Amino acid sequence: MNPTISLVLKIMACGAFGLAVALIVIGAYFLTRGVRLEVGASTMVSMRRNDMRQRALRKSLLWRFLLPWIQMVSALLARFDMARLREYVSEPYARAGYPGGLDDDEVVALGFIVGLVIAAFIAFSAWVFGGSLWVLLGVVGLPIGYIVLVSNLKTRAHIREVQILQGMPYLLDLLVLMLRSGTSLRLALTRVVADYDDHPIGVEFGQVLAEIEVGAVRVDAFKRMSDRLKIQDVTSLTDSIVQSEELGWPLAETLERLADRLAAERVLKAQAAAGAAGVLVMLPSTLVLAAAVLLLFSPIIVRVLRNGLGLQ
């Protein structure tokens with residue numbers, strides 16, 4: 001390796017190490033000063049974001065270190081018009097369940113930080129392999145950071161949607177049992193939230209319960225959950241509750257009919273998946289059968305190819 005390049009790499013490595021140490025010291029300084037990490041909680045759209053933030057802080061020491069930096073970057077970016085980026089990240093972030101408890105501006109700041117890291121990596125790689133003229137190529141890392149962030153959020157949202165769909169029938173059955181025993185919907189929701197504390201569906205119903213307890217209309221709280229998740233079964237649940245409120249139908253019977261319909265739909269989906277799996281298995285089965293036939297009759301086939309049918 002060229003001695004000049006080797007020296008530059010060593011200098012950059014030392015600088016990166018020094019910067020990392022400085023970041024750790026500054027982060028520790030903010031933490032020891034007792035900076036309140038829930039700054040900006042009043043601007044949160046979700047009433048459960050602060051709870052999610054506290055959970056993340058309790059579980060992850062790394063998140064305790066990163067959150068002050070995300071907040072500082074968010075304060076810097078607040079001077080610019082970030083409405084488009086906020087709209088780009090807000091929906092997948094809501095569907096993902098607000099991991100980390102960030103508000104929309106902080107999610108934009110997190111995407112910017114990820115973009116800076118990717119940009120620095122691209123710029124350094126371009127400089128090493130292409131020379132200093134290619135360093136500006138690192139600018140493409142900024143939009144890539146937001147693409148990576150949103151893709152990760154969409155993956156989390158899909159996993160979360162599957163978990164919610166799996167828990168819906170059991171949750172509805174529990175609600176029906178408690179409502180038929182004379183329990184009010186608020187107490188029934190409290191029991192559901194307690195039983196599904198770490199489950200995504202418990203988190204969502206916990207938000208509904210929190211909104212109801214601070215005076216929100218019950219129907220509006222469920223509608224906001226439906227708009228937030230954009231899941232068909234949750235929308236059906238909201239519609240059933242709205243109809244029960246408007247028409248005066250017993251809520252327990254409405255939820256029981258919904259639970260029966262969801263259970264029937266799950267059976268139909270399972271049967272459709274089983275039928276599709278049978279079709280997909282046919283191709284490898286056919287290939288295995290063809291391979292077995294070739295192995296069994298390969299001596300005859302080779303003899304015929306070599307000598308013909310031997311009819312002369």
Relative contact order as a percentage, the stretch 44-154, C-alpha pairs under 8 Å and 6+ apart, gives 28
In the neighbourhood of residue 172 defined by beta carbon distances under 15 Å, the net charge of the other residues (Lys, Arg +1; Asp, Glu -1) is -4
Length gained, residue 135-residue 292, 0.36 nm per residue minus C-alpha separation, equals 50.8 nm
Here FRET efficiency (C-beta to C-beta, residue 177 to residue 197, R₀ 22 Å, nearest 0.05) is 0.70
Taking 0.36 nm per residue of separation between residue 280 and residue 59 and subtracting their Cα-Cα distance, the length gained on full extension comes to 75.3 nm
Contour minus Cα-Cα span, residue 116 to residue 147, at 0.36 nm per residue, comes to 9.9 nm
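FYI, it's all coordinate maths here, none of it is from the lab. It should be emphasised that the depicted structure is a prediction, and the values quoted were computed from it without experimental measurement. Glycine gets a Cβ as well: all are built from the backbone with ideal geometry, and neighbour counts include every protein chain shown.
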